[in-house]
Amino acid sequence: MHGKTVVVTGGTAGIGKETARGLARLGAQVVVVGRDGDRARTAVAELRRDTGNDRVEAMLADLTLKRNARGLAKRITARYGEIHVLINNMGVTRAGRVLTPEGIETTFAANVLAPYLLTDGLLPALIRAAPTRVVNITGGVPRGSIDLDNLQGERSYVALSHYNQTKLALMAMSYATAERLRGSGVTLNVAYPGHAYTSLNKGLPVGAYPPVARPIVPLLRPLLPLLYGQRAAVRASRSSVYLASDPGVADLHGTYINSACRVVAWPAAVLDRRNRDAVSAICEKLATAPTRSTRPAG
């Protein structure tokens, strides 16, 4: 990966930081994207020290906001010119339904719209450096159906169920985007990382879980750091590092791989063209709609 510039969103903690660590060890110039300046500075210092690679840098952006995703793409392009790998790793979940100041449900904004906008914004920089790669990270339990009438939790909202649906929607959007990118010199694939106990899920209340799981959540919580702690985060980064760096998958495109780095079938909901078209359409609509400022609402 020497001579390659890699962007990792959500790269200051959890699976994203372990992904950045793995790629820095391979010699890449790594740009970690985070929201908190102190955490970003701490992560950069740790990654440089641990890997011996001084070409680890941070950029700050709250990617739940459209204007910030677009602004980040411009700043990255201005600073680096060419990008070889974009890893859309950032994930968000909220215990309750919360709208961003732009009026978009926060989990959908982070998990679906942000990768759509950042990929689009960095596409010229990716094409200039082609052959290049985009890796989108799914998560949770990405199976079941996509409720097209409830993509932003308009009708009902259970935090982890909604998170799972946004990751399915991300996969549907990724599949459609890969079709559009075919022949561009930019590959796009989706990686499933497996489970890890990170800041994404540590603070969720019992009510954020589906009703059937709520009785056992208090019993499982003491075990989660042991079962899905730091080692699990390292394991969970392997599929994204693999898709970003392995020479053997340079031509892989429009594919879904599991946590063992094996190609697997897309979920049925993703293979349904109606879902892909609908999710892509709402992303395009939200991306092109005039930005409006609202008070965050729950």
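Just so you know, in the stretch 44-64 the residues that are more than 14 Å from Thr9 (Cα to Cα) and in a loop (DSSP other than H, G, I, E, B) include one that is least open to solvent (accessible area, probe 1.4 Å), and it is Asn53. Screening the candidates Ile87, Ile146, Ile83 for the property of being open to solvent by less than 40 Å² (accessible area, probe 1.4 Å), assigned to a loop (DSSP other than H, G, I, E, B) and under 27 Å from His2 (Cα atoms) yields one hit, Ile83.
Of the residues Arg94, Arg25, Arg41, the single one that is surrounded by fewer than 22 Cβ atoms within 10 Å (Cβ to Cβ) and modelled with pLDDT under 95 is Arg94. Out of curiosity, is Thr19 among the hydroxyl-bearing types (Ser, Thr, Tyr), modelled with pLDDT of 95 or more and open to solvent by less than 10 Å² (accessible area, probe 1.4 Å)? Spelling it out, Thr19 is indeed among the hydroxyl-bearing types (Ser, Thr, Tyr), modelled with pLDDT of 95 or more and open to solvent by less than 10 Å² (accessible area, probe 1.4 Å). Residues that are modelled with pLDDT under 95, outside any helix (DSSP H, G or I) and over 20 Å from Ile146 (Cα atoms) do occur in the stretch 204-215, at least one of them.
On the basis of being surrounded by 16 or more Cβ atoms within 10 Å (Cβ to Cβ) and modelled with pLDDT of 95 or more, does Tyr228 make the cut? So Tyr228 does not fit the description; no.
For Ser280, state whether it is open to solvent by 50 Å² or more (accessible area, probe 1.4 Å), touching a helix residue (DSSP H, G or I) at 6+ places or on another chain (Cβ under 6 Å) and touching a residue at least 60 places away in the same chain (Cβ under 8 Å).
no
Taking each residue of the stretch 114-130 that is β-branched (Val, Ile, Thr) and looking for partners that are surrounded by fewer than 24 Cβ atoms within 10 Å (Cβ to Cβ) and assigned to a helix (DSSP H, G or I) with beta-carbon atoms closer than 8 Å, six or more apart or interchain, yields Thr119/Thr177.
The values are calculated or read from the model by the stated rules, or taken from the named source; none is laboratory data. Values in this document were obtained by computation on a predicted structure and should not be read as measured data. No Cβ is skipped: glycine too gets one built from the backbone with ideal geometry, and neighbour counts run over all protein chains shown. With ligands, DNA and RNA removed, areas are computed over all heavy atoms of the protein, side chains included. Shrake-Rupley method; radii C 1.70, N 1.55, O 1.52, S 1.80 Å.
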